[in-house]
Amino acid sequence: MKFLLHFIYIILIALVTFFGLGPVFFADGVLQERLWTAAIVIVIYIILAYLYRKSIQWVNRR
């Protein structure tokens, strides 16, 4: 179960990195748009880290 959980979160983080940080670094938009995108990506990373921690605690309790 732990292996599957790790795998899912690795995939999720890879997708957020690819689709979130790609536009931040390589987009030709204005700076404000890139900063908003970066802020949203950071919030998504924080949410994923929180959910990952809670998921690991839940698996360890079972």
Next item on the list: Output the peptides 22-29, 34-41 sorted from most to least packed, where packing is the average of other Cβ atoms within 10 Å over each peptide's residues.
Entry: 34-41, 22-29
Notebook entry, point to check: Within a Cβ distance under 14 Å of TYR9, other residues only, what is the Lys/Arg minus Asp/Glu net charge?
Noted result: +3
Note to self: Quick one: 3J(HN,Hα) in Hz for region 42-54, Karplus 6.51/-1.76/1.60 with θ = phi - 60°, rounded, Gly and Pro as x.
What the structure shows: 5, 5, 5, 4, 5, 5, 4, 5, 5, 5, 5, 4, 5
Item checked: Residues in region 1-36 that a label on ILE56 would reach, taking backbone N under 19 Å of a point 7 Å out along Cα→Cβ -> 1-17
Item checked: Computed over the chain, Cα set: Rg, Dmax in Å -> 14.6, 48
Checklist line | Residue-normalised accessible area of the chain, given per residue in Å² at a 1.4 Å probe | finding: 83 Å²
Checklist line | Listed residues ILE44, VAL24, PHE3: farthest to the positive end of the dipole of the chain (Cβ charges) | finding: PHE3
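The values are calculated or read from the model by the stated rules, or taken from the named source; none is laboratory data. This is a predicted model, so every value here is computed, not measured. Cβ atoms come from the backbone with ideal geometry, glycine included; neighbour counts cover every protein chain shown. To get the accessible areas, we keep the full protein, side chains included, count just its heavy atoms, and leave off ligands, DNA and RNA. Shrake-Rupley method; radii C 1.70, N 1.55, O 1.52, S 1.80 Å.
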